[in-house]
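Visitor: For reference, the structure I am asking about is given below.
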Amino acid sequence: GNVLFYRQITNIDTNAKLLTIDSPTKYYLLKRDRARVYKVRTPLHDIGIEDLSIGMKQVRTVDLNDNDYNKPNTVSYQVHQAHALVVNHTVNSWVRRVGTYKPSSNVDDVHVLSNGLHLFMSKNITVEKCDFRKAQYLGAGGNGYLFIHQGQDNLIIESYAEDGRHNYDFTGLETSGNVILK
C-alpha cells in the first residue's frame, strides 16, 4: 500500500507548478516516490451524530473462535468486522455523547458484536464524550476494536472504552495526525 494524505486543494499556481492544500502533510511528498494527486468524490461534511445509544443483539458463542473470522458458515465469519457506527468519507464533522448498552435480550453482558466506532477515510472528526464497551467477538482479523482511527487529524476527547480486544486502534497507511485526549 501507499501512504495517503486526505487533503483539499485550496489554490493551484500553474506558473510555479505549486499546489496549496488545507493542512500540512506529516511527511514530505517526493517526485522520486511518484507522489500523485487524485480527485475523490465530494465527502460528507459538517454533519454530526449526537445523543445516541447503540446495543447489538448477541450471537451464539458455540463457534465464536479467534481465528474463524475467515471460515464461512461460522458465527465468527458472520460477525467479522461488524461495527456499531462507521463514519466513512466524512470531513469536518462530529460524534458526541454516543454510547453502547446491553440490550435486554442479551444473556451475556454484550454491548456490540465486534467493533464500536470506525473513522474510515475521514478527516477532522471530533469524537466527544462517547462510551463504547463490551465487544462479544474479540477474534483475530480486526475484531473487538472499540475506537478505530483509519483517517486523519481526528480527535477523540473525554471518551471511554472497556472490554475490547483493542480499545483504541490506529490502522492503515492513510492514518496520521489523530489524537486521543482525556
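For (1) under 13 Å from the mean Cα position of the chain (by Cα); (2) among the small types (Gly, Ala, Ser); (3) modelled with pLDDT under 95, each residue gets a yes or a no:
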{"residue": "Asp63", "(1), (2), (3)": "no, no, yes"}
{"residue": "His83", "(1), (2), (3)": "yes, no, no"}
{"residue": "Asn106", "(1), (2), (3)": "no, no, no"}
{"residue": "Gly116", "(1), (2), (3)": "yes, yes, no"}
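Visitor: I've got another one for you. Which members of the stretch 86-105 meet the condition of being surrounded by fewer than 19 Cβ atoms within 10 Å (Cβ to Cβ) and in contact with a Cys (Cβ under 9 Å, 6 or more places away or on another chain)?
Guide: Within the stretch 86-105, Arg96, Arg97 qualify.
Visitor: To continue, here is another question. So in the stretch 27-41, with the set limited to residues that are among the basic types (Lys, Arg) and in a loop (DSSP other than H, G, I, E, B), which one is least open to solvent (accessible area, probe 1.4 Å)?
Guide: Arg36
Visitor: A further question follows. Sort out which residues of the stretch 107-147 are open to solvent by less than 10 Å² (accessible area, probe 1.4 Å), closer than 22 Å to Thr175 by Cα and among the hydrophobic types (A, V, I, L, M, F, W, C), and write them in order of number.
Guide: Matches in the stretch 107-147: Leu117, Leu119, Ile125, Val127, Cys130, Phe132, Leu146, Phe147.
Visitor: Next up: Restricting the first residue to the stretch 9-32 and requiring it to be touching a residue at least 24 places away in the same chain (Cβ under 8 Å), which pairs with a second residue that is open to solvent by less than 80 Å² (accessible area, probe 1.4 Å) and polar (S, T, N, Q) meet a Cβ separation below 6 Å and a spacing of at least six or different chains?
Guide: So the pair list comes out as Lys26/Ser176.
Quick grid of which residues meet (1) under 23 Å from Val40 (Cα atoms); (2) of a type in the set (A, V, I, L, M, F, W, C):
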{"site": "Ser122", "(1), (2)": "yes, no"}
{"site": "Asp131", "(1), (2)": "no, no"}
{"site": "Leu138", "(1), (2)": "no, yes"}
{"site": "His149", "(1), (2)": "yes, no"}
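Visitor: How do the pairs read when you match residues in the stretch 44-57 that are polar (S, T, N, Q) with residues anywhere that are modelled with pLDDT of 95 or more, using Cβ under 9 Å and keeping only pairs 6 or more apart or on different chains?
Guide: Ser53/Val98; Ser53/Gly99; Ser53/Thr100; Ser53/Tyr101
Visitor: Another one. Using the structure shown, decide if Thr14 is surrounded by 12 or more Cβ atoms within 10 Å (Cβ to Cβ) and either among the β-branched types (Val, Ile, Thr) or touching a strand residue (DSSP E or B) at 6+ places or on another chain (Cβ under 8 Å) (or both).
Guide: No.
The values are calculated or read from the model by the stated rules, or taken from the named source; none is laboratory data. All figures in this text were calculated on a predicted structure; none of them were measured in a lab. Neighbour counts are summed over all protein chains in view; Cβ atoms, including those assigned to glycine, are modelled from backbone coordinates with ideal geometry. Quick note on the areas: whole protein, heavy atoms, side chains included, nothing else; ligands and nucleic acids left out. Shrake-Rupley method; radii C 1.70, N 1.55, O 1.52, S 1.80 Å.
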